[in-house]
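The values are calculated or read from the model by the stated rules, or taken from the named source; none is laboratory data. Computed from a prediction, not measured in an experiment: that's the story for all the values here. Here Cβ is always computed from backbone atoms with ideal geometry, including for glycine, and neighbour counts include all displayed protein chains. These area figures cover heavy atoms from the full protein model, side chains too; ligands, DNA and RNA do not enter into them. Shrake-Rupley method; radii C 1.70, N 1.55, O 1.52, S 1.80 Å.
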Amino acid sequence: MSRIVTVGAAQMGPIQRADSRPQVVRRMLELMREAAAHRCDLVVFPELTLTTFFPRWWMEDQVDIDAFFERSMPSNDTAPLFEAAARLGIGFSFGYAELTPEGRHFNTALLVDKTGRQVGKYRKIHLPGHARHEPWRAFQHLEKRYFEVGDRSWGVWPALGGHIGMMICNDRRWPESYRMMGLQSVEMILLGYNTPRHNPPAPDHDRLGEFHNQLVMQAGAYQNGTWVVGVAKCGVEEGCEMIGGSSIIAPTGEVIGQALTQGDELVVARCDLDLTKSYKESIFNFAMHRQPEHYGRIVGQRGAVAPEGGSAD
Ligand code: CDV
């Protein structure tokens, strides 16, 4: 079986609050058709693809909040995506706000294979922002209010002839997310993001948005010997600018394809999963070189603790 996965990173331009699900799905289908014309095996869409990035607003009425969530997947509105996957013979992943039958709210990503079958699901673990209204901000970031922390760890699934994993947006800034998948022999990590250019608690970071985005994804790819496909929803959404820079990154750490616009744009790359091998078998041969007995603090401790004096011995 071929170890080449041709990937389409399907960057999406802004989605306004008034845009309906069918309008968004039509844009996604257009990108899927373009990907099929480029013989893609897989199309990767951003975090919370189906709606505007609603955590930017303080909302109190649960009816208003739940209007951004999907109660079933597929639904009447999203079924055309699954039908297109089967018809075109193309897998896809995308993010959406999930409301479970038990009433739980998650920021979720789904992996669908070339037959339209759901083969993997991940629920976002690193939820950034805050849970209370903070009116001093230019806009809110209320993921901690609207979502629960994901109830399962990072999975890696056998799909498309390889080992495919998923993370969502803020997860990409944390080395633990990549390593949890690296330890499952991941060969390609799919991730979508909504990253406002302005960071209200630290505006001095604003000029570094694209740099930090590249820095973490390239490091995660190299340090785990994996492909990384990072896909933005970007442009000016409801007055809030979000960065683009959707990228396909090789296990070498190099960016081999990148979006140029801040709108709907497909970036295509031919990814050889066997390129992961020389990294997994040499410099990052985990079985040979990791020293987990010295990594206890990583799972045993949440916040940093400053040292109190001490000596070399
Ligand atoms: N959607 C996100 O998780 N966004 C965060 C912002 C708030 C920093 C990110 O890490 O890009």
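On the stretch given as region 126-140, residues that are more than 14 Å from the ligand (Cβ to nearest atom) and of a type in the set (S, T, N, Q) total 0. Of the listed requirements (1) surrounded by fewer than 18 Cβ atoms within 10 Å (Cβ to Cβ); (2) under 28 Å from R290 (Cβ atoms), E148 misses just one: (2).
All conditions in (1) open to solvent by 40 Å² or more (accessible area, probe 1.4 Å); (2) under 21 Å from V149 (Cα atoms) hold for E83, with the sole exception of (2). Residues of region 1-42 that are of a type in the set (A, V, I, L, M) and either part of a helix (DSSP H, G or I) or over 17 Å from I248 (Cβ atoms) (or both): M1, I15, A18, V24, V25, M28, L29, L31, M32, A35, A36, A37. Picking from residues in region 86-105 that are farther than 27 Å from L266 by Cα and crowded, with 17+ Cβ neighbours inside 10 Å, the one that is nearest to the ligand (Cβ to nearest atom) is H105.
Could you please find all residues in region 172-194 being more than 19 Å from K280 (Cα to Cα) and in contact with a strand residue (DSSP E or B) (Cβ under 7 Å, 6 or more places away or on another chain)?
R172, L191, G192, Y193, N194
Here region 163-202 is the region considered, the condition is being in a strand (DSSP E or B) and surrounded by fewer than 24 Cβ atoms within 10 Å (Cβ to Cβ), and the residue that is nearest to the ligand (Cβ to nearest atom) is P196.
Of all residues in region 268-313, count the ones that are of a type in the set (D, E, K, R), open to solvent by less than 70 Å² (accessible area, probe 1.4 Å) and in contact (Cβ under 8 Å) with a residue 24 or more places away in the chain. Show your work before the answer.
Pass one, region 268-313, residues of a type in the set (D, E, K, R): 270, 272, 274, 277, 280-281, 290, 293, 297, 302, 308, 313.
Next cut, open to solvent by less than 70 Å² (accessible area, probe 1.4 Å) only: 272, 274, 280, 290.
So of that shortlist, the ones also in contact (Cβ under 8 Å) with a residue 24 or more places away in the chain come out as 272, 274, 280.
Residues flagged as of a type in the set (D, E, K, R), open to solvent by less than 70 Å² (accessible area, probe 1.4 Å) and in contact (Cβ under 8 Å) with a residue 24 or more places away in the chain within region 268-313 amount to 3.
Residues that are within 14 Å of the ligand (Cβ to nearest atom) and open to solvent by less than 10 Å² (accessible area, probe 1.4 Å) within region 52-65 comprise T52, F53, F54, P55, listed in sequence order.
Using the structure shown, decide if L215 is under 18 Å from the mean Cα position of the chain (by Cα) and open to solvent by 40 Å² or more (accessible area, probe 1.4 Å).
Yes, satisfied.
Looking for something closer than 29 Å to H38 by Cα and within 16 Å of the ligand (Cβ to nearest atom) - is there at least one such residue anywhere in region 246-258? Within region 246-258, one or more residues are closer than 29 Å to H38 by Cα and within 16 Å of the ligand (Cβ to nearest atom).
Among residues of region 122-134 that are free of Cβ contacts under 8 Å to residues at least 12 places away in the same chain, none has a beta-carbon under 9 Å from a residue that is of a type in the set (S, T, N, Q) and away from the ligand (no atom under 14 Å from the Cβ) at least six positions away or on a different chain.
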